[in-house]
Amino acid sequence: MKTYTRIENRIMSVITDEFKIANRYLASDANLKEDLGLDEYDMIFLSLALEDEFEMVFHDQLNQVEEVKDIVPFI
């Protein structure tokens, strides 16, 4: 479970850095679109930032996610 938490924390760090969202608004169950206000273009930038952070490629998987915690299984 430690690995899951570390990955989740890194994802939230990327979101904070990329979109200048304060940590107090971030939680694992935060909805990316409704709670954080990300739109389709923001999701593309998030995907690119996460690809850089984790050195991997997402193939449209982030289109399926709604909450921060939903990203973890793809990593």
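Each row is one residue, and each column tells you yes or no for (1) part of a loop (DSSP other than H, G, I, E, B); (2) among the aliphatic types (A, V, I, L, M).
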residue	(1), (2)
Thr5	no, no
Ile11	no, yes
Ile15	no, yes
Ala27	yes, yes
Glu34	yes, no
Tyr41	no, no
Asp52	no, no
Leu62	no, yes
Lys69	no, no
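Identify, please: which residue in segment 29-47 is open to solvent by 40 Å² or more (accessible area, probe 1.4 Å) and out of contact with any Phe, Trp or Tyr (no Cβ under 9 Å at 6 or more places or on another chain) and is, among those, nearest to Arg10 (Cα to Cα)? Per the criteria, the residue is Asp29. Scanning segment 48-74 for residues that are in contact with a helix residue (DSSP H, G or I) (Cβ under 7 Å, 6 or more places away or on another chain), within 16 Å of Asn9 (Cβ to Cβ) and open to solvent by less than 50 Å² (accessible area, probe 1.4 Å) turns up Ala49, Leu50, Val68, Ile71, Val72.
The values are calculated or read from the model by the stated rules, or taken from the named source; none is laboratory data. Predicted model only: the values in this text are computed from it and were never measured. Heads up, the Cβs are rebuilt from the backbone with ideal geometry, glycines too, and the neighbour counts pull from every protein chain shown. What goes into the accessible areas is simple: the full protein's heavy atoms, side chains included, and nothing from ligands, DNA or RNA. Shrake-Rupley method; radii C 1.70, N 1.55, O 1.52, S 1.80 Å.
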